[in-house]
Structures are given as structure tokens and as C-alpha cells.
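K.L.:
Before we start, here is the structure in question, set down as C-alpha cells.
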Amino acid sequence: MTDNVKRLMAAERALRSAAPHHLPATVRDVLCGLYGAESVDLLLVDYGATVLQDVSATAAPSRTLPVHASAAGRSFGAQEPIVAQGDDGRTNVYLPVTVRGDRLGVLSVTLPPGTRPEADLAHLATVAQILGHEVVVAERDTDIYQRARRKERLTLAAEMQWQLLPARSCAGPQYALGAQLEPAYAIFGDNFDWSVSADHLLLYVTNGMGEGIEASLLTNLGINALRNARRAGIPIADQAALADQAVYAQYRGEAYLSVLLVDLELGTGRVQIIDAGSPRMLRLRDGTVTSIALEAQLPLGMFEETEYVAQDYQMQPGDRLLFVSDGVHKVPAPGGEPYGDHALARAITATRLLPAADVPSAVLRELQGHRGSPEPDDDALVVCLDWFGDQPTP
């Protein structure tokens, strides 16, 4: 066994045995002791996906770097290590901290003058990957990682919504997913949810009704009713029907939930869709953006015992689907004109070379320029789904 392998094994043992709140200090001790680092910081991306903030066990984040104008941000966006030489001769290495496509943040490592980072770069990247998996597990038992993700206080409604979400990105051999909500710190009721199995990807895109706590309670009920039905292993038409009954039983038609249900067969690209409300679906294929017309059905909970029928759709390898709430499609400019299909098509075309995880934030930045104000009056939700086609088992 080589010395490099021994160091890597020692690093993994230390991280796996660390207390949940002690992971940042443990990875610092490991990299300083085994790899000669001078300083080490774990930086997590905030809810708005605009800054990377360091994790502190005792206080608010003290170090903040922009996602779009820093070496750390380039590592986060490109999902590869970035090496930057400092004016003092030290070397700064930024390593993506990502778990199954979910981009958590970046590990920042400062090496002393005269160090050749290339020799250990692959090992440092592996340590960052191990750290990401441990952070996901540790989050169940401590709030320090949640604190590092917020640059300002969340409203209670936003807190409820973020806790309901699965992640903001996910990837596998056949697909890649990305999603983003605005305003990140004061969400009204829009939401997304997904689940992946060996053969299928199920995606829900919801457009919430109302504002604040009432909107969050409605969305929580709808999403959990859909999850309950999904976990029973039934088709999406029955999932929609059972969730519809749950929402109607609680609100008797006075409140309802618009939702788009998508069931993608990963090996074939066959999709079953139920359009129960207002979220829109657009497709990018061979450089052309098309708005996909779906069969409109009733939102969940509007009437008692509504029946739902799934619509078939066929994806092709390389297709990109975007799902947007009316807070994107209908948002007005200062002059009153809505964003609409043409502006959306331009934004989708402009982001065609970006990975799915980066597309929602990029589209929402385009939207901000249209409405002329930094904060929207309604939730704005974008979900991006890429299908690469069936892939051979490695």
C-alpha cells in the first residue's frame, strides 16, 4: 500500500468518525496534517445561489465569495478543481463539494509557497467528495450547514419550503436536473420535488396558491400527499387523484394546488405527463425552443374526486426540457408586457451550453433584467431536465 493511499484512507476514516458539527475542523486537521495545507475552509452555496459562505460551528459565516466572480465560484460552476497562485507565493486550491450531482459548495485549501499542488490534486478532490457525503449525513443532526446557506434570515414560509425540497440539482448517467426558486428568502408557495429509481425519474413542479404560511401549508400537504402515493408504487394518474382527494378534504375547494407531474422512463425517454394547473413546459432540441402544449386538467383539490389522465410524450437523446411557473412566464416588465414565450426562448437558447444545474439560475438572472427590479412580486421557479439517452452500464 502506497503512502498516498494510506493518507487517503486516514482522511476518510477521520471524516467518517467526526461529530456532525466538527466536520469542517476535521477536514482542516486532516489536510493540514497529511497534505501540508496552511488553511482549509468549507464554503457552501447560499439559497439564492449567488455566494459561497464558510461554515462556522459557533457564529455566522465570516468569509463570503461571489459565485460569479471568483476562483471558488469557477470551481463551483465548472465542477472541477481550480488552482490559483497568490501574490505571496501561496497556492489556493478550490475543489467542488458535490454529492450525486447536488452542488453543495467548494472546499478551499491554501498550500504554502513552493508546493506543487498537481501531485496531490486528485487526492484533494477525493477528500472533497468524501466530505460532501458526510455533510449530507451530518445535516440531520446539526444546523451549522443550514446557517451557512443563508446570507439573510429566511421567512418562516421559506424555511418550510426549503425543508420540503429534495435538492437543487441531481444527475445520473442518463439525465441531469437543476432547479432554482426566487425569491430564495421569502418564498410564497412554488415548489419542486423528484425521485429517481433504476428505471424512472418522477418530477413534480408546483405553482402554489396564496402567500406566506398558508401557501406553504398548502404546498406541504400537496407534496407529501404526492410522495405518499408515489411511495405506494402507483402510476402518476393515481398519485394525482389521491393527492387531489387529500387537498380537497382539507380545503373543500377553497384552496388548490397547480402541479405538473412528469414520469420519465430513463432507458427509453418515454414520458407520461399530467398538467394539473399552470406550470409551463418548453423543449430545447437541436438549437430550437418549442413550447409544448399539454392537455390542461384541473388543479389538485379544486373539486371532489377528480380523475386524471396521463399524456404521453417522447424525448430524444440530447433533449432539454424546462418547466417554469407563472411567476416566470407572466411576470411583467415595468411597461406591463409579460415575459412570455419569446423572451423565454431567448433565455433558454442563451444558456444552451450550460449544464442543467446552472440553467435555472441563469434564466432567472435574465428574468430579473426583464422585470427591472431585484426581487419578484411572486415566486419564480425554473426546473431544467436533460435526457442523454440510455447509457451502457459501466
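The values are calculated or read from the model by the stated rules, or taken from the named source; none is laboratory data. Just so we're clear, the structure is a prediction, and the values are computed from it rather than from any experiment. We place every Cβ from the backbone using ideal geometry, glycine too, and count neighbours over all the protein chains shown. We work out accessible area using only protein heavy atoms, side chains counted, and drop any ligands, DNA or RNA first. Shrake-Rupley method; radii C 1.70, N 1.55, O 1.52, S 1.80 Å.
K.L.:
What list of ³J(HN,Hα) couplings, whole Hz, do you get for segment 180-189 from phi and the Karplus terms 6.51, -1.76, 1.60, once you set θ to phi - 60° and write x for glycine and proline?
P.N.:
Per-residue couplings from phi come out as 8, 10, 9, x, 5, 9, 8, 5, 8, x Hz.
K.L.:
Spin-label point model (7 Å from Cα, Cβ direction): what's the residue 69 to residue 87 distance in nm?
P.N.:
With each label placed 7 Å out from Cα toward Cβ, I get 1.8 nm.
K.L.:
Measure of size requested: the Rg and Dmax of the chain, with Cα atoms as the atom set and Å as the unit; please supply both.
P.N.:
Using the Cα atoms of the chain, the pair Rg, Dmax is 22.1, 72 Å.
K.L.:
Can I ask one more? Through the Karplus equation 6.51 cos²θ - 1.76 cosθ + 1.60, θ set to phi - 60°, convert the phi angles of segment 144-159 into ³J(HN,Hα) values in whole Hz; use x for Gly and Pro.
P.N.:
Couplings: 5, 6, 5, 4, 5, 8, 10, 8, 8, 6, 7, 5, 4, 4, 5, 4 Hz.
K.L.:
Send over a whole-number figure in Å² for the accessible area per residue of the chain, probe 1.4 Å.
P.N.:
44 Å²
K.L.:
Working out 0.36 nm times the residue gap between residue 100 and residue 304, then minus their Cα-Cα distance, what length gain in nm do you get to one decimal? Don't jump to the answer; show the numbers that get you there.
P.N.:
Numbers: separation 204, 0.36 × 204 = 73.44 nm, distance 3.96 nm.
In short, 69.5 nm is gained.
K.L.:
Counting only residues 5 or more places away or on other chains, whose amide H sits under 5 Å from the amide H of residue 100 once H atoms are built in the peptide plane?
P.N.:
none
K.L.:
Among 294, 353, 201, what's the order by accessible area (1.4 angstrom probe), most exposed first?
P.N.:
Working: 294 35, 353 155, 201 0 Å².
Highest to lowest solvent-accessible surface, that is 353, 294, 201.
K.L.:
Between residue 159 and residue 121, with labels modelled 7 Å along Cα→Cβ, what's the label distance in nm to one decimal, could you check?
P.N.:
4.3 nm
K.L.:
With runs of 4+ DSSP H residues as the only contributors, calculate the mean residue ellipticity of the chain at 222 nm using -39,500 (n - 2.57) per run, divided by the residue total and rounded to the nearest 500.
P.N.:
It lands at -10500 deg cm²/dmol.
K.L.:
For residue 342 paired with residue 62, estimate the spin-label separation in nm (one decimal), with each label point 7 Å from Cα along the Cα-to-Cβ line.
P.N.:
5.3 nm
K.L.:
Express in nm, to one decimal, how much length is gained between residue 290 and residue 19 on full extension, taking 0.36 nm for each residue of separation and deducting their alpha carbon distance. Spell out each step's value before the answer.
P.N.:
Details: separation 271, 0.36 × 271 = 97.56 nm, distance 4.98 nm.
Taking 0.36 nm per residue and subtracting the Cα distance, the gain is 92.6 nm.
K.L.:
In addition: Scan around residue 188 for amide H atoms under 5 Å from its own, H built in the peptide plane at 1.01 Å from N, and keep only partners 5 or more places away or cross-chain.
P.N.:
379
K.L.:
Percent of accessible area on segment 246-285 owned by carbon and sulfur, 1.4 Å probe?
P.N.:
Summing carbon and sulfur atoms, their accessible area is 37 percent of the total for segment 246-285.
K.L.:
If you don't mind, another one. Using the Karplus curve 6.51 cos²θ - 1.76 cosθ + 1.60 with θ = phi - 60°, work out ³J(HN,Hα) for each residue of segment 123-128 in order, rounded to whole Hz, and write x for Gly and Pro.
P.N.:
5, 5, 5, 5, 4, 4
K.L.:
So for 234, 274, what's the accessible-area order with a 1.4 Å probe, most first?
P.N.:
Largest accessible area first, the list is 234, 274.
K.L.:
Okay, next question. Sequence-distant or interchain residues sharing an amide H contact under 5 Å with residue 39, placed H: which?
P.N.:
Counting only residues 5 or more places away or on other chains, the set is 110.
K.L.:
With r as the distance between the Cβ atoms of residue 330 and residue 350 and R0 = 35 Å, compute the FRET efficiency 1/(1 + (r/R0)^6) and round to 0.05.
P.N.:
Working: r = 20 Å, r/R0 = 0.58.
So, using R0 = 35 Å, E works out to roughly 0.95.
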